[in-house]
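Q: Sharing a structure with you now.
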Amino acid sequence: MTGVAQVVSDASDAQMIGAAIALLCVAVALVAAWRERRRVRRADPDAVGWVDWTTVQMLALILLAVDLWVMAKGQ
């Protein structure tokens with residue numbers, strides 16, 4: 001466990017923020033995929049929702065890609 005603590009203590013604040021944003025994007029993308037699956041499989045076809053979960057998922061994945069690119073560039 002000391003190895004993990006050493007890595008976290010060596011990380012800069014920008015790296016920690018970037019990692020937090022990446023984890024948040026992954027979580028949002030997974031929730032959006034789960035909600036879209038539930039929307040597609042709903043029993044009442046007339047009970048439509050107001051959130052386009054496919055768009056939410058794609059935006060989260062695009063933000064994740066941009067975040068990872070910025071972290072890789074070291075900016």
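The values are calculated or read from the model by the stated rules, or taken from the named source; none is laboratory data. Worth saying up front: this structure is predicted, and the values here are computed from it rather than measured. Cβ placement follows ideal geometry from the backbone for every residue including glycine, while neighbour counts extend to all protein chains displayed.
Q: Search the stretch 45-75 for residues being of a type in the set (Val, Ile, Thr) and modelled with pLDDT of 90 or more, and hand back the single one that is farthest from Ser12 (Cα to Cα). Working first, answer last.
A: At the first step, the residues of the stretch 45-75 found to be of a type in the set (Val, Ile, Thr) are 48, 51, 54-56, 62, 66, 70.
Still in the list and also modelled with pLDDT of 90 or more: 51, 54-56, 62, 66, 70.
Working: Val51: 36, Thr54: 34, Thr55: 32, Val56: 30, Ile62: 24, Val66: 19, Val70: 14 Å.
My answer is Val51.
Q: Next question, about the same structure. Being among the polar types (S, T, N, Q) and surrounded by fewer than 16 Cβ atoms within 10 Å (Cβ to Cβ) is the filter here, so list the residues in the stretch 18-75 that pass it.
A: Those that are among the polar types (S, T, N, Q) and surrounded by fewer than 16 Cβ atoms within 10 Å (Cβ to Cβ): Thr54, Thr55, Gln75.
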